[in-house]
């Protein structure tokens, strides 16, 4: 997995809340036994018209977002089924960072991402950033006002800077384990292999027929 340290890219917006994993990668694409080739099918039902041509009315198809690699969206992104294919599709479609807002409701803080989706981003080298709803609203305004707006996400500093004429920066929180995993480019298999010597030592001395081994 490619380590994530600092990434600068064009920012695109998807002004929809509760985008579920079936919207990100519809169920008909889950038949493949491969982990590749999902990028062109990301947001398939919104991205294309029934005849297979590009839907020019879909926000992310706008020419101003060509070459984008940072996605800003609304609350509860990645809800629904636990399919890891949703993250594969986004990564293979060129996204390295996805941003969504947490929000307050009746005294509770609702996360910007569904838990399983967010865990899957870490396992696949994508940085998921949660900001406040007010901050995300400001980002939407900046993107609308400045074509080709870029931003730089610095994972070590836990800060993202939007390079508008008057730059704005936002600090973000991230679980320490996820931060280390991304910085070092470790997927779950890599994490396990860090203990290969311990595993081999255990296997060498373990006797399944000996209850004391």
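The values are calculated or read from the model by the stated rules, or taken from the named source; none is laboratory data. Because the structure is predicted, anything quoted here is derived from the model rather than measured. Please note: Cβ atoms are built from the backbone with ideal geometry, for glycine as well, and neighbour counts cover all protein chains shown.
How about segment 34-51: which of its residues are under 19 Å from residue 79 (Cα atoms) and assigned to a loop (DSSP other than H, G, I, E, B)? Across segment 34-51, the qualifying residues are 38, 42, 43.
Does segment 16-33 hold any residues that are assigned to a loop (DSSP other than H, G, I, E, B) and under 17 Å from residue 92 (Cα atoms), and which are they?
Narrowing segment 16-33 to residues assigned to a loop (DSSP other than H, G, I, E, B): 16-19, 25-26, 32-33.
Hits for segment 16-33 are 25, 26, 32, 33.
Scan segment 80-100 for residues that are within 16 Å of residue 17 (Cβ to Cβ) and either surrounded by fewer than 19 Cβ atoms within 10 Å (Cβ to Cβ) or at pLDDT below 95 (or both) and report the count. Residues that pass the stated criteria total 1.
In segment 148-175, what residues are part of a loop (DSSP other than H, G, I, E, B) and surrounded by 14 or more Cβ atoms within 10 Å (Cβ to Cβ)? It would help to see each step written out before you state the result.
Initially, segment 148-175 is screened for residues part of a loop (DSSP other than H, G, I, E, B), giving 148-149, 155-158, 163-167, 172-175.
Within segment 148-175, 149, 155, 158, 163, 164, 172, 174 qualify.
In segment 22-45, of all residues being farther than 18 Å from residue 58 by Cβ and touching a helix residue (DSSP H, G or I) at 6+ places or on another chain (Cβ under 8 Å), the one that is surrounded by the most Cβ atoms within 10 Å (Cβ to Cβ) corresponds to 30. Based on this model, can you work out whether residue 13 counts as at pLDDT 95 or above, within 17 Å of the chain's Cα centre (by Cα) and under 16 Å from residue 113 (Cα atoms)? Against the criterion (at pLDDT 95 or above, within 17 Å of the chain's Cα centre (by Cα) and under 16 Å from residue 113 (Cα atoms)), residue 13 qualifies.
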